[in-house]
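Worksheet for the structure shown next.
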2 protein chains.
Amino acid sequence: MSLSLRQLRAFAMAMETGSFGRAAARLHLSQPALTVQIRTLEETLGLTLFDRSARGVRPTEAGRTLAQSFARILEELDQVVAGAREQAARRSGTVHLAVLPSVAATVLPVALARLRQAHPAIRVLVRDAVARRVSEMLKAGEAELGIGTLPGPDPELTAETLFEDELVAVLPPGHALARRKKLTPAILAAEPLVLTEPGSSVRQLAERAFAEAGLVLRPAYEATYMSTAVALVRAGLGVGVLPATALDLQLAPLLELRPIPVPSMRRHILLLARRNSSLSPAAEALAEVLRATVVVMPKVG
Amino acid sequence: MSLSLRQLRAFAMAMETGSFGRAAARLHLSQPALTVQIRTLEETLGLTLFDRSARGVRPTEAGRTLAQSFARILEELDQVVAGAREQAARRSGTVHLAVLPSVAATVLPVALARLRQAHPAIRVLVRDAVARRVSEMLKAGEAELGIGTLPGPDPELTAETLFEDELVAVLPPGHALARRKKLTPAILAAEPLVLTEPGSSVRQLAERAFAEAGLVLRPAYEATYMSTAVALVRAGLGVGVLPATALDLQLAPLLELRPIPVPSMRRHILLLARRNSSLSPAAEALAEVLRATVVVMPKVG
DNA sequence: GCCAGTCATAGCATTTCCTGATGAGTCTCT
DNA sequence: AGAGACTCATCAGGAAATGCTATGACTGGC
């Protein structure tokens, strides 16, 4: 026979109640079952834990000492298990999340607020990064969950579309094109354009869409930060081709936004995770909240 | 399913070896058995501990965290159990022993030396006390084992004769009675006698023995300490009637010892313990050494 | 001396656990 | 590309453990 938790629990309870019968009742066991547990424990330890008499049991000195140690260990164990269960119940835990800045500034705060309401003890460590960095962080294990885009299927990552982001034309106040409801790459190609810098996913998207229309994208201005691009447009220096989800756009009341109804002007914002790696319950909870949140995002047009 | 140590051990080993198969081998289990243990553990916790693939398993983040806690707890448990087993094997432990001073000064050191040789880690806390105190200490739980005498059977104590102590006549150098091989109460009654103080077990024994012979014991001197009594005898002030086991006698080369061959001049030195209370393994070891040691004690006469 | 209370024992049923065989998926080497 | 090695999952049957009910043995109090 080897040691078992049953034995330890039986022993601890017997010590606590001072009686085999009462201990058995408290553990929802029959008294003989408990007696056997104690006896086998004594046998495995080679030590008498209780002195029995017809009037009851009395703990041995060794029994008293051991009971203390065992009780402490059981308590620690129970605490660890309780902690694990709490994590499993999504009531706690920490998620490392890598997000595109545009999403971090718009959809994410709403989702985090909801998550907090549902699972207050879940911590989310948000790391904003461009699409490529999001993928890298996931693969490197620096993030458990990611929100970004992918150039194509990635064998290491799972992807699931959260929502679609579209590039929209951003017009300065009073611009001539403002009378149109929609704009096309062909129309835009004639204007001085404000875009993000080469290499950014938004820029790549725009270039591909123009190429499909047989056009070459030749921006007048290139900005690294969205706020810069918006400022350039507002100053009337050109027409912006920028993602609709960017917070800076939605906060700029004087600018006119016009959709560019070309499929390739849309990009899929993906919920990313490592393939072959299960999500922690906390991450699972976050993912669920994200899925439920994005459908509520405002439309642009 | 409830938590079991098997599961924890399986989990800890799987985490340590990084493989279910290797963990199973190390635990002398089949791989399926280990797989099941891990799975049921995951079910009871509600938590995925490993991500499986056909290439092997990789611990989850939660798994890594939990493994640390569990490993620590298992180690503590093993340590406690090892300590208990060591006690059971009599390799360690502490015995509280109450002893008559005469025994403490003579037989006991020999026994303790032997015990140390056999079980170096057993500690013996020696408390010397007169016969009545020895009994009291046992009953009060202040001592686990006692060496003393009893006026009669005691319902609370078990007694076992270790050896018999006899009162001997102690003659100063050149005393007239020294030519006799043996002495009797009748002869001694005519001498000025040196005894221990009234109430001591030695004194009571002597009084009873004299009474049986129809004599009244009327000592010339009464000493509390054996060393005093011996000094009085050596100074020629009288004939001592003292226990043969007293170390002071055996260390006093000039004194002549003569047996008093009367049965009632003997007292049983008893090994005492609480009835209804089992001895700790360490105490058991001490008891055995005591039994084996006393038969070797020197004879007087 | 009987009754109440406590633990131990025995026989039987149930649950748990393990093993051995087998299957499925992946990687490596040829 | 295919064979072989490796890993984990699943399944079926049997062994071990655990538990329960019934009963016994012993003690202390009324």
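Being exposed (fewer than 15 other Cβ atoms within 10 Å of the Cβ) and touching a strand residue (DSSP E or B) at 6+ places or on another chain (Cβ under 9 Å) narrows it down to one residue among A:PRO219, A:PRO243, A:PRO198; which is it? So that I can check it myself, show each step before the final result.
Numbers: A:PRO219 fails: exposed (fewer than 15 other Cβ atoms within 10 Å of the Cβ); A:PRO243 fails: exposed (fewer than 15 other Cβ atoms within 10 Å of the Cβ).
After ruling out the rest, the residue left standing is A:PRO198.
Give the residues of the stretch A:24-42 that are within 12 Å of DNA strand C (Cβ to nearest atom) and in a loop (DSSP other than H, G, I, E, B), sorted by residue number.
Within the stretch A:24-42, A:LEU29, A:SER30 qualify.
Quick check on the stretch B:175-194. Is at least one of its residues closer than 25 Å to B:LEU271 by Cβ and at pLDDT 90 or above?
Initial filter on the stretch B:175-194 (closer than 25 Å to B:LEU271 by Cβ): none.
The answer is no; no qualifying residue exists.
Results for (1) at pLDDT 90 or above; (2) farther than 19 Å from B:VAL241 by Cβ; (3) within 14 Å of another protein chain (Cβ to nearest Cβ), shown as yes or no for each residue.
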site: B:THR106; (1), (2), (3): no, no, no
site: B:ALA113; (1), (2), (3): yes, yes, no
site: B:ILE122; (1), (2), (3): yes, yes, yes
site: B:ARG127; (1), (2), (3): yes, yes, no
site: B:MET137; (1), (2), (3): yes, yes, no
site: B:PRO153; (1), (2), (3): no, yes, no
site: B:LEU171; (1), (2), (3): yes, no, no
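May I ask you to verify whether B:THR60 is hydroxyl-bearing (Ser, Thr, Tyr), within 11 Å of DNA strand D (Cβ to nearest atom), closer than 22 Å to A:VAL95 by Cα and modelled with pLDDT under 95? Show your work before the answer.
Values: hydroxyl-bearing (Ser, Thr, Tyr): yes; within 11 Å of DNA strand D (Cβ to nearest atom): no; closer than 22 Å to A:VAL95 by Cα: yes; modelled with pLDDT under 95: yes.
It is false that B:THR60 is hydroxyl-bearing (Ser, Thr, Tyr), within 11 Å of DNA strand D (Cβ to nearest atom), closer than 22 Å to A:VAL95 by Cα and modelled with pLDDT under 95.
On the given criteria, is A:SER278 hydroxyl-bearing (Ser, Thr, Tyr), more than 18 Å from A:PHE163 (Cα to Cα), in a loop (DSSP other than H, G, I, E, B) and free of Cβ contacts under 8 Å to residues at least 60 places away in the same chain? If you could, list the steps in order and put the result at the bottom.
Values: hydroxyl-bearing (Ser, Thr, Tyr): yes; more than 18 Å from A:PHE163 (Cα to Cα): yes; in a loop (DSSP other than H, G, I, E, B): yes; free of Cβ contacts under 8 Å to residues at least 60 places away in the same chain: yes.
For A:SER278, the condition - hydroxyl-bearing (Ser, Thr, Tyr), more than 18 Å from A:PHE163 (Cα to Cα), in a loop (DSSP other than H, G, I, E, B) and free of Cβ contacts under 8 Å to residues at least 60 places away in the same chain - is met.
Taking the stretch A:90-138 as the region of interest, how many residues are closer than 19 Å to A:THR161 by Cα and among the polar types (S, T, N, Q)?
Result for the stretch A:90-138: 3.
For the stretch A:217-233, how many residues meet the condition of being assigned to a loop (DSSP other than H, G, I, E, B) and either assigned by TED's automatic domain parsing to the domain that holds A:SER102 or within 30 Å of the chain's Cα centre (by Cα) (or both)? Let's see the steps before the verdict.
Of the residues in the stretch A:217-233, the ones assigned to a loop (DSSP other than H, G, I, E, B) are A:217-220, A:224-225.
Now restrict to residues that are either assigned by TED's automatic domain parsing to the domain that holds A:SER102 or within 30 Å of the chain's Cα centre (by Cα) (or both): A:224-225.
Total satisfying the criteria: 2.
Conditions (1) of a type in the set (Ser, Thr, Tyr); (2) modelled with pLDDT of 90 or more, marked per residue:
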position	(1), (2)
B:VAL233	no, yes
B:ALA246	no, no
B:MET265	no, no
B:LEU272	no, yes
B:SER277	yes, no
B:PRO281	no, yes
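Being farther than 16 Å from B:LEU97 by Cβ and within 29 Å of the chain's Cα centre (by Cα) narrows it down to one of B:PRO172, B:PRO185, B:PRO153, so name that one. Before you say what the answer is, go through the steps one by one.
Numbers: B:PRO172 fails: within 29 Å of the chain's Cα centre (by Cα); B:PRO185 fails: within 29 Å of the chain's Cα centre (by Cα).
That would be B:PRO153, the only listed residue that is farther than 16 Å from B:LEU97 by Cβ and within 29 Å of the chain's Cα centre (by Cα).
Residue-wise test of (1) among the β-branched types (Val, Ile, Thr); (2) in the same structural domain as B:LYS139 (by TED's automatic domain parsing); (3) over 26 Å from B:SER200 (Cα atoms).
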| position | (1), (2), (3) |
| --- | --- |
| B:VAL99 | yes, yes, no |
| B:VAL103 | yes, yes, no |
| B:PRO109 | no, yes, no |
| B:ALA118 | no, yes, yes |
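Of the residues in the stretch A:1-32, how many are acidic (Asp, Glu) and surrounded by 18 or more Cβ atoms within 10 Å (Cβ to Cβ)? Step through it out loud before you land on a result.
From the stretch A:1-32, those acidic (Asp, Glu) are A:16; that's our starting set.
Then drop every residue that is not surrounded by 18 or more Cβ atoms within 10 Å (Cβ to Cβ), which leaves none.
Residues in the stretch A:1-32 being acidic (Asp, Glu) and surrounded by 18 or more Cβ atoms within 10 Å (Cβ to Cβ): 0 in total.
Testing B:GLY18 on (1) more than 20 Å from A:ALA84 (Cα to Cα); (2) within 12 Å of DNA strand C (Cβ to nearest atom), one condition comes back false. Which one is that?
Against the list (1) more than 20 Å from A:ALA84 (Cα to Cα); (2) within 12 Å of DNA strand C (Cβ to nearest atom), B:GLY18 comes up short only on (2).
Consider only pairs whose beta carbons are under 8 Å apart and that are at least six residues apart or on different chains; among these, list those whose first residue lies in the stretch A:1-29 and is closer than 14 Å to A:ARG39 by Cα and whose second residue is within 12 Å of DNA strand D (Cβ to nearest atom) and of a type in the set (Phe, Trp, Tyr).
A:ALA14/A:PHE20
Every residue in the stretch A:38-47 that is facing chain B (nearest Cβ under 9 Å) and either modelled with pLDDT of 95 or more or surrounded by fewer than 18 Cβ atoms within 10 Å (Cβ to Cβ) (or both), please. Steps first, answer last, please.
Step one: filter the stretch A:38-47 for residues facing chain B (nearest Cβ under 9 Å), giving A:44-47.
Across the stretch A:38-47, the qualifying residues are A:THR44, A:GLY46.
If I filter the stretch B:87-104 down to residues being buried (at least 17 other Cβ atoms within 10 Å of the Cβ) and not in a strand (DSSP E or B), which single residue comes out as nearest to the other protein chains (Cβ to nearest Cβ)?
B:ALA88
When residues of the stretch B:165-202 are filtered for being in contact (Cβ under 8 Å) with a residue 12 or more places away in the chain and assigned to a helix (DSSP H, G or I), how many remain?
The initial filter retains those residues of the stretch B:165-202 that are in contact (Cβ under 8 Å) with a residue 12 or more places away in the chain, namely B:165-173, B:175, B:177-178, B:180-186, B:188-189, B:191-198, B:200-202.
Right, trim to assigned to a helix (DSSP H, G or I) and you get B:177-178, B:185-186, B:188-189, B:201-202.
Result for the stretch B:165-202: 8.
Within the stretch B:1-23, which residues are under 17 Å from A:SER2 (Cα atoms), near DNA strand D (Cβ under 10 Å from one of its atoms) and either more than 14 Å from every other protein chain (Cβ to nearest Cβ) or assigned to a helix (DSSP H, G or I) (or both)?
B:ARG6 - this is the single residue of the stretch B:1-23 that is under 17 Å from A:SER2 (Cα atoms), near DNA strand D (Cβ under 10 Å from one of its atoms) and either more than 14 Å from every other protein chain (Cβ to nearest Cβ) or assigned to a helix (DSSP H, G or I) (or both).
Among the residues of the stretch A:62-72, write down those that are crowded, with 20+ Cβ neighbours inside 10 Å and within 40 Å of the chain's Cα centre (by Cα).
A:PHE70
Conditions (1) buried (at least 17 other Cβ atoms within 10 Å of the Cβ); (2) in contact (Cβ under 8 Å) with a residue 12 or more places away in the chain; (3) of a type in the set (A, V, I, L, M); (4) at the interface with another protein chain (Cβ under 9 Å from one of its Cβ atoms), marked per residue:
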site	(1), (2), (3), (4)
A:ALA54	no, no, yes, no
A:THR60	yes, yes, no, yes
A:GLU75	no, no, no, no
A:ARG85	no, no, no, yes
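Test A:THR35 against the criterion of being within 26 Å of B:ARG275 (Cβ to Cβ), away from every other protein chain (no Cβ under 14 Å), buried (at least 18 other Cβ atoms within 10 Å of the Cβ) and more than 8 Å from DNA strand D (Cβ to nearest atom), and give yes or no.
Details: within 26 Å of B:ARG275 (Cβ to Cβ): yes; away from every other protein chain (no Cβ under 14 Å): yes; buried (at least 18 other Cβ atoms within 10 Å of the Cβ): yes; more than 8 Å from DNA strand D (Cβ to nearest atom): yes.
The answer is yes for A:THR35.
The values are calculated or read from the model by the stated rules, or taken from the named source; none is laboratory data. All of these numbers come straight from a predicted model, not from anything done at the bench. So basically every Cβ, Gly included, is an ideal-geometry build from the backbone, and we count neighbours across all protein chains shown.
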